[in-house]
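Presented below is the structure to which this report refers.
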Amino acid sequence: MKRLFVLSLLSLAAACADPKSDPRLFDNNDVELAVGNTARMGCSCLWVMNMDETYCRAWVKASPDVAKMNIDWANKRVESSAFLSSAAVAHYVDDKRGCVLE
């Protein structure tokens, strides 16, 4: 039984591998990731986890702290920005989907 499992796992890994394909490259840099994470996690912290603002600001703080979080309480949106070039917005959808990046 163990041999069958290992053989199945190896077969699956071999089927997924494509030696002819190019390596996947990601466009996102650290600043874009920091602002996106701050927006989505800040939104989730506030409206999914129902935590207070002080807790959420501390919870999403990146190191180094480059992303600033602005909260729109009326529309349940969190905007995060870093420097002048990177920004992200997340909004609360509903109890099933939580917060999504725009």
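Summed over region 20-53, residues that are part of a loop (DSSP other than H, G, I, E, B) and either at pLDDT 95 or above or buried (at least 21 other Cβ atoms within 10 Å of the Cβ) (or both) total 5. The set of residues in region 75-90 being buried (at least 17 other Cβ atoms within 10 Å of the Cβ) and either of a type outside the set (A, V, I, L, M, F, W, C) or touching a residue at least 60 places away in the same chain (Cβ under 8 Å) (or both) consists of Arg77, Glu79, Ser80, Ser81, Ser86. As a summary of the residue check, Met69 satisfies the conditions (1) part of a strand (DSSP E or B); (2) under 17 Å from Asn29 (Cα atoms); (3) more than 14 Å from the chain's Cα centre (by Cα) except for the one numbered (2).
Criterion first (under 16 Å from Leu33 (Cβ atoms) and out of contact with any strand residue (DSSP E or B) (no Cβ under 6 Å at 6 or more places or on another chain)) does Ala58 satisfy it? Walk me through how you get there before you give the answer.
Details: under 16 Å from Leu33 (Cβ atoms): no; out of contact with any strand residue (DSSP E or B) (no Cβ under 6 Å at 6 or more places or on another chain): yes.
Against the criterion (under 16 Å from Leu33 (Cβ atoms) and out of contact with any strand residue (DSSP E or B) (no Cβ under 6 Å at 6 or more places or on another chain)), Ala58 does not qualify.
Within region 81-97, the set of residues being of a type outside the set (Val, Ile, Thr), at pLDDT 95 or above and within 16 Å of Asn37 (Cβ to Cβ) comprises Ala90, His91.
The values are calculated or read from the model by the stated rules, or taken from the named source; none is laboratory data. All values derive from a computational prediction rather than experimental measurement. Don't worry about glycine lacking a Cβ; one is built from the backbone with ideal geometry, like all the others, and counts go over all protein chains shown.
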